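Novice: Quick one: this structure, given as structure tokens, is what I'll be asking you about.
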Amino acid sequence: MATILVTGGAGYVGAHCCLALARAGHKVVVYDNFSNGHRQFVKWGPLVEGDIRDKARLVAAFAEYKPDAVLHCAALIEVGESVKHPDRFYDNNVTGALVLLDVMREAGVNAFVFSSTCATYGEPQRLPMDETHSQNPVSPYGWTKLMVERASRDMAAAYGLQFAHLRYFNAAGAAPEEGIGERHTPETHAIPLALFTLLGRREGFKIFGQDYETRDGTCLRDYVHVLDLADAHVRAVERLLAGGASLAANLGTGDGVTVRELLDAIARVTGKSVPATPAPRRDGDAPALVADNSLARRELAWTPMRGIDAIIADAWEWHERVEAGTFG
Ligand code: UDP
């Protein structure tokens, strides 16, 4: 059993990672400033309320809990916001990570598992994308994530740091029976927005773009269940703690789903049809993003278990519970 400090542990991916780490027998400590996290999501270990840019607070948390590894999920994540407010993103995501890495070094904590993203690749040059794909982000958000990858890679070369850069494709789904799921404000993601229409929280769903070069003209994405993501994080933490080598790994299923296929799946799973209307392309959307996940399968012995129907079933149950006020 190890002690893992999870920054952003009250957030969407962070909370599911806490659940998975606790199920695997580890002790988790949540470090979160609640800029986007939820207090109800902190249930698998103690909480330190703090900002990753607050060095004194981090030093105190490390002294109190003596973590063996850090899982760094805390970040601003909304791509459109990063275009409008890059200063906030560089400050929070890059400065914050550098402070955290500094504190880790001083405390002699060498295992760093980092929430990264396929947005570090930028425009896809080939599909599926493997980890050797060029990294040339098209948003400030993607750049902040790439800079932290770079900084931690250089620190690993200079001294004993070991890293796992986990590049998520489209995180989706929930653990409704555990009272955790996706709750962003504002919500911009396709699955929650489509489900909101079924709950009467939105008028209709806009399909952004119909003329992409995909099998039905709509954007294709690789949706990966957040519990499968969390499982990969546990494997990455355990690899580093066992002395395994640093790595960067894609976390996606390898299967693409178009927006129209997503809506079909929602109808299949919920028995309800989403009122959808064609809309213009959304700026910055790549036509298709699909992971080559063979490295994670090989190096982490990771197998994503849940397909699009399971993702939607869990997301639907979660949003229904939130709507009814019965989660948590
Ligand atoms: N999308 C859409 N309508 C929406 C939100 C998203 O058609 O209201 C599409 C979007 O263009 C993209 C896909 O759904 O192709 C997934 O979008 P999301 O924002 O969930 O994730 P992204 O891939 O942008 O990170």
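The values are calculated or read from the model by the stated rules, or taken from the named source; none is laboratory data. Everything numeric here is computed off the predicted structure, so don't read it as measured data. Please note: Cβ atoms are built from the backbone with ideal geometry, for glycine as well, and neighbour counts cover all protein chains shown. Please note that ligands, DNA and RNA were not included when accessible areas were found on the heavy atoms of the full protein model with its side chains. Shrake-Rupley method; radii C 1.70, N 1.55, O 1.52, S 1.80 Å.
Novice: Just the number: Rg to Rh for the chain, Cα atoms, Kirkwood Rh, two decimals. Walk me through the intermediate numbers first.
Specialist: On the way: Rg = 18.9 Å, Rh = 19.9 Å.
For the chain, the value is 0.95.
Novice: Now, a different point. Within 10 Å of each candidate Cβ there may be at most 13 other Cβ atoms; applying that plus a DSSP loop requirement, which chymotrypsin sites (Phe, Trp or Tyr not before Pro) in the range 112-220 survive?
Specialist: Values: sites: F112, F114, Y121, Y141, W143, Y159, F163, Y168, F169, F196, F205, F208, Y212; in loops: Y121, Y159, F169, Y212.
Counting only loop positions with at most 13 other Cβ atoms within 10 Å, the chymotrypsin sites (Phe, Trp or Tyr not before Pro) in the range 112-220 are Y159.
Novice: Same structure, new question: Take T3 and D87, extend 7 Å from each Cα along the Cα→Cβ direction, and tell me the distance between the two endpoints in nm.
Specialist: A separation of 3.8 nm, rounded to one decimal place.
Novice: Whole number please: convex hull volume per residue of the Cα set in the range 1-99, in Å³?
Specialist: Working: hull volume 8.2 nm³, N = 99.
So the per-residue Cα hull volume is 82 Å³.
Novice: Residue by residue through the range 41-47, which ³J(HN,Hα) values in whole Hz follow from phi under the Karplus form 6.51 cos²θ - 1.76 cosθ + 1.60 (θ = phi - 60°), with glycine and proline marked x?
Specialist: Using θ = phi - 60°, the values come out as 7, 8, 9, 10, x, x, 10 Hz.
Novice: What distance in nm lies between label points placed 7 Å from Cα along the C-beta direction at R126 and A324?
Specialist: 4.9
Novice: Find the centroid of the Cα atoms in the range 185-218 and in the range 33-60, then give the distance between the two in whole Å.
Specialist: 32
Novice: Right, here's the next one. Among all the lysines, which ones have a C-alpha under 25 Å from K206's C-alpha, if same-chain residues fewer than 8 places away are not counted?
Specialist: K84, K272
Novice: Once neighbouring chains are kept in place and the probe is 1.4 Å, which whole percent of the accessible area of the range 189-328 is contributed by carbon and sulfur? Mind showing how you got there, number by number?
Specialist: Numbers: 2850 of 6120 Å².
Whole-percent figure for carbon plus sulfur exposure: 47.
Novice: What length, rounded to one decimal in nm, is gained on full extension from A151 through to T303, with 0.36 nm per residue of separation minus their alpha-carbon distance?
Specialist: Between A151 and T303, full extension yields 51.8 nm more.
Novice: Ignoring everything except DSSP H segments at least 4 long, calculate the 222 nm mean residue ellipticity for the chain; use -39,500 (n - 2.57) per segment, divide by total residues, nearest 500.
Specialist: -11500 deg cm²/dmol
Novice: A follow-up question, please. To the nearest 0.05, how large is the calculated FRET efficiency for L47 and R281 if R₀ is 41 Å and r is the Cβ-Cβ distance? Don't jump to the answer; show the numbers that get you there.
Specialist: Working: r = 41 Å, r/R0 = 1.01.
That gives a FRET efficiency of 0.50.
Novice: Explain nothing, just compute: Karplus ³J(HN,Hα) = 6.51 cos²θ - 1.76 cosθ + 1.60, θ = phi - 60°, for every residue of the range 123-138 in order, whole Hz, x for Gly and Pro.
Specialist: Running phi through 6.51 cos²θ - 1.76 cosθ + 1.60 with θ = phi - 60° gives 4, x, 8, 7, 10, x, 8, 9, 6, 8, 4, 4, 10, 9, x, 10 Hz.
Novice: Rounded to the nearest 20 Debye, what is the dipole magnitude of the range 1-123 about its Cα centre when Lys and Arg each give +1 and Asp and Glu each give -1 at the C-beta? Could the numbers behind the result be given before it?
Specialist: Numbers: 11 positive and 13 negative charges, 81 e Å.
Around 400 debye, computed over the range 1-123.
Novice: Same structure again: For the chain, with the dipole built from +1 on Lys and Arg beta-carbon atoms and -1 on Asp and Glu ones, taken about the Cα centre, which of A245, L198, V322 lies farthest toward the positive end?
Specialist: Going by the charge dipole, the pick is A245.
Novice: How high is the FRET efficiency from S273 to R105, r the C-beta distance, R0 45 Å, rounded to 0.05? Could the numbers behind the result be given before it?
Specialist: Values: r = 54 Å, r/R0 = 1.20.
Once rounded, the FRET efficiency stands at 0.25.
Novice: Continuing with the same structure: How many percent of the accessible area of the range 18-174 is carbon or sulfur, using a 1.4 Å probe? Display every interim value, and only then the final one.
Specialist: Values: 3320 of 6440 Å².
C and S fraction of accessible area: 52 percent.
Novice: For D255, what accessible surface area do you get with a 1.4 Å probe? Give it in Å², rounded to 10.
Specialist: 100
Novice: Shifting gears a bit: Just to confirm, what accessible area per residue do you get for the range 225-328 at 1.4 Å probe, in whole Å²? Show your work: numbers first, answer last.
Specialist: Values: 4470 Å² over 104 residues.
On a per-residue basis, the range 225-328 sits at 43 Å².
Novice: Amide H of V48: which non-local residues (sequence gap of 5 or more, or other chain) have their own amide H closer than 5 Å, using H built in the peptide plane?
Specialist: V30, Y31, D32
Novice: Which far-off residues, 5 or more places away or on another chain, put their amide H under 5 Å from the one on A74, with H placed in the peptide plane?
Specialist: T7, G8
Novice: Counting only heavy atoms of the protein chains, get the accessible area per residue of the range 65-118 (1.4 Å probe) and round it to a whole Å² value. Before the final figure, lay out the partial values.
Specialist: Numbers: 2130 Å² over 54 residues.
Per residue, the range 65-118 has an accessible area of 39 Å².
Novice: Continuing with this model, one more query. Identify which of L240, L193, L21 has the largest mean-square fluctuation in a Gaussian network model of the chain, with springs joining Cα atoms closer than 10 Å.
Specialist: Among L240, L193, L21, the largest GNM mean-square fluctuation belongs to L193.
Novice: Per residue of the range 207-215, in order, report the coupling 6.51 cos²θ - 1.76 cosθ + 1.60 (Karplus, θ = phi - 60°) as ³J(HN,Hα) in whole Hz, putting x for Gly and Pro.
Specialist: 8, 7, x, 10, 10, 6, 7, 10, 5
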